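**Q** Structure incoming, see below.
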Amino acid sequence: MKHFLSAADLTRERALELFRVAAELKQRWKRGRRGTPLAGRAMALIFEKPSLRTRVTLEVGLVQLGGRGVYLSGQEIGLGTRESVPDVARNLSRWVDGIAARVYAHDTVTGLARHATIPVINGLSDFEHPCQALADYFTLYERGLDLSKITLAWVGDGNNVCNSVLLLGALLGTRLTAACPPGYEPAEHVQATVARLGGRLTVTTEAPEAVGGADVVYTDVWTSMGQEAERERRAEAFSRYQVNAKLLGFARPSALVMHCLPAHRGEEITDDVVDGPASIVLDQAENRLHAQKAVILTLLGGSLDDA
Ligand code: CP
Ligand code: NVA
C-alpha cells in the first residue's frame, strides 16, 4: 500500500495488520515506552476544511513517533489556485516524507497522490474518510468483537464517513445496513464496490428496520462541511433519522453507539444517547491517534521495533 486514500485501498489482511500495529503502539505508549521510529521525518498536513480530531491526532501521532507535522491551511497554500495540485505535490515531495490532506473534492487528494513521490493520506474528502473508518473498526476490534459476526447499522446521510465505514466493513465481513432518506443513500458506485468486495449491505429508508437487531448503531451529521447551504432542506429530510433512545430500543440490548464527531446534539443524535452507556464515541476519537500512528509508521516505512 503506497497511499491511504480510500478504505478500499486496504484488504482484510492489511486492515487486521494495522489493527495489530495500532494496538501495539497504543500499549507501548501507555506503558511509557518512547521510541522514535520516525526521528527526523516530517509530513505536510494540508487542511482545506476545519478539524479538531484529525489535525490533533495527526500532529500528536507524528510527535509520538519522533517526527513532526507541518500544518498548511488550504487558504495559505492556495491548493489549486495559487499553485496547481500537481505542483504542490511535486514540491512537497522534495521536502517531506508524506502528505495528509483534508480536502473538499476527492479528486484533489487523488491528484496529490498521482503527482507525489511520497505517501498521501486522505484526512477526509467529500467522498471518504478512511482514517475515521480504520479507527472505528479498530475500536470494535479491541473490544474483542468478531467483526465478521456483527451487524453495523448506519443511520442518516450516505456521506463520506458512511462510504468508508461501508467499504471497510465489507472488507472485514461485517453485516451492514443503512437507513437513509430517499436521495441521500450511499452512492451507487460505493454500493457496487461493497458488493464486489463481497459485502452484505441492505439499504432502506426505514431507520427502525436498519437498526433492528444491530450490534452497532452509527450516525453522523446531516449536513457535512461544504454543504452548509443545504442545511434547512437536509434538516427536514433527516428529521425521522435521529438516533435517540426510542430508535436505539430496536437494536440489541448490548448495542454500541458510534459517531465520528463533531456531533450536532439534538439533530442526528440526542444528548442521552451520545453521553449514555452505549456510546463509544470518545474511544473512537482516542483511537484516531493510535490507528493513524499505525498508518503513518507503515506508509513511511518506520520499524515497529523502534517504537
Ligand atoms: N471525526 C473527525 O474527523 O473530526 P474532525 O473533523 O474534528 O477532524
Ligand atoms: N461528514 C462530516 C464528517 C466530519 C468529520 C463532514 O464531512 O463534515
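**Q** For the stretch 1-107, state which chymotrypsin sites (Phe, Trp or Tyr not before Pro) are in a DSSP loop and have at most 11 other beta carbons lying within 10 Å of their beta carbon.
**A** Qualifying residues, ordered by number: 95.
**Q** Separate question: For the stretch 92-193, state the average projected area of the convex hull of the C-alpha atoms over all orientations, rounded to one decimal in nm².
**A** Taking the Cα atoms of the stretch 92-193, their convex hull projects to 7.3 nm² on average.
**Q** Now, a different point. To the nearest 10 degrees, how steeply does helix 130-142 sit against the main Cα axis of the chain, on a 0 to 90 scale?
**A** Taking the Cα atoms of the chain, the angle to 130-142 is about 70 degrees.
**Q** Can you tally the net charge around residue 106? Count Lys and Arg as +1, Asp and Glu as -1, for every other residue whose Cβ sits under 10 Å from the Cβ of residue 106.
**A** Cβ neighbours under 10 Å give a net charge of -3.
**Q** Here is a follow-up. Evaluate the Debye formula for the stretch 1-118 with equal point scatterers sitting on the alpha carbons, no solvent, and hand back log10 of I(q)/I(0) at q = 0.15 Å⁻¹, in q order, two decimals.
**A** -0.75
**Q** Considering the stretch 177-236, what Rg and Dmax in Å follow from its alpha-carbon atoms?
**A** Rg then Dmax for the stretch 177-236, in Å: 13.1, 37.
**Q** Using only the Cα atoms, work out Rg/Rh for the chain, with Rh taken as the Kirkwood radius, to two decimals.
**A** Expressed as Rg/Rh, it is 0.96.
**Q** So how long is each side of the stretch 234-307 along the principal axes, counting just the alpha-carbon atoms, biggest first, in Å?
**A** In descending order, the Cα extents are 49, 30, 16 Å.
**Q** Calculate for the chain the 222 nm mean residue ellipticity that helices alone would give, adding -39,500 (n - 2.57) per DSSP H run of length 4 or more and normalising by residue count, nearest 500 deg cm²/dmol.
**A** When only DSSP H runs of four or more count, the value is -12000 deg cm²/dmol.
**Q** What list do you get for 260, 180 if you sort them by fewest beta carbons within 10 Å?
**A** Least crowded to most crowded, the residues run 180, 260.
**Q** For the chain, with a Gaussian network of springs between Cα atoms less than 10 Å apart, report the residue from 229, 101, 278 with the top mean-square fluctuation.
**A** 229
**Q** Related question: Using packing as a proxy for protection, rank 117-129, 206-218 so that the peptide with the highest average count of other Cβ atoms within 10 Å comes first.
**A** Averaged packing, sorted descending, gives the order 117-129, 206-218.
**Q** Tell me, what HN-Hα J-couplings in whole Hz come from the Karplus equation 6.51 cos²θ - 1.76 cosθ + 1.60 at θ = phi - 60° for each residue of the stretch 285-295, using x for Gly and Pro?
**A** The phi angles translate into 4, 4, 6, 3, 4, 6, 5, 5, 4, 5, 5 Hz.
**Q** Another question, then. For the chain, find the longest principal axis of its Cα atoms and tell me its angle to the long axis of helix 12-30, 0 to 90°, nearest 10.
**A** Rounded to the nearest ten degrees, it is 70.
**Q** Enter the per residue convex hull volume of the stretch 150-307, computed from alpha-carbon coordinates, in Å³ rounded to the nearest integer.
**A** 132 Å³
**Q** Taking the convex hull of the alpha carbon atoms in the stretch 65-122, what volume per residue do you get, in Å³?
**A** Details: hull volume 4.7 nm³, N = 58.
About 80 Å³ per residue, rounded to a whole number.
**Q** Near the amide H of residue 68, under 5 Å away, which other amide H atoms are found, from residues 5 or more places off or on another chain, if H is placed in the peptide plane?
**A** 41, 42, 43
Every number here is computed from the coordinates shown, using simple stated rules; none is lab data. The model shown is predicted, which means the values in this text are computed figures rather than measured ones. Positions of Cβ are generated from backbone atoms using ideal geometry, with glycine treated the same way; all protein chains shown enter the neighbour counts.
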